[in-house]
Amino acid sequence: MDAIWKQLSQEISDGIRQAGRSVVAVDGRGGHTSAGIVWKPDIILSAAHTIRHDGPVEIIPESGTIVRGRVTGRASGAGIALVKLDRQIEGPP
C-alpha cells in the first residue's frame, strides 16, 4: 500500500511541475506582475485587469529571460487579455 501512495504522490508532483512550466509572469503595470498562461509559444493569456495599457508588456517565462510583447486583444466580458510576444518562448503551451 505504501508503494501506491508514493507512486501517486510522484505522479501528482510530475503533473504539477509540467503545468507550472506553462505559467509565466506578466508585467503590464510597471513592476506589478501577475500570472499568465502560455497558450502558444508566442501567445500569452492573462487577466485583462492586470494589464493597464495596450502598450508594451514584459513576460518572464521559466527561463527568467524577459520577452517583450503587446496586448493584441481583450475580451472584457470574460476578463481576458491576449498578449502577442515579439519572439517565441520555450515551454509547453
> Where does the Debye-calculated log10 I(q)/I(0) of the range 45-88 sit at q = 0.22, 0.30, 0.33 Å⁻¹, using only Cα point scatterers of equal weight, no solvent?
Replying inline: -0.70, -1.08, -1.20
> Out of 41, 69, 25, whose Cα points farthest toward the positive end of the dipole of the chain (charges: +1 Lys, Arg; -1 Asp, Glu; placed on Cβ)?
Replying inline: 69
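Could you tell me what a quarter of the Cα convex hull surface of the chain works out to, in nm² with one decimal place? Provide the component values of the computation, followed by the final result.
Working: hull surface 28.5 nm².
Averaged projected hull area, Cα only: 7.1 nm².
Read the figures in this text as sums done on the coordinates, not as results from a lab. Remember, predicted model here, so these are calculated numbers, not experimental data. For neighbour counting, all protein chains shown are included, and Cβ atoms are generated from backbone atoms with ideal geometry for every residue, glycine included.
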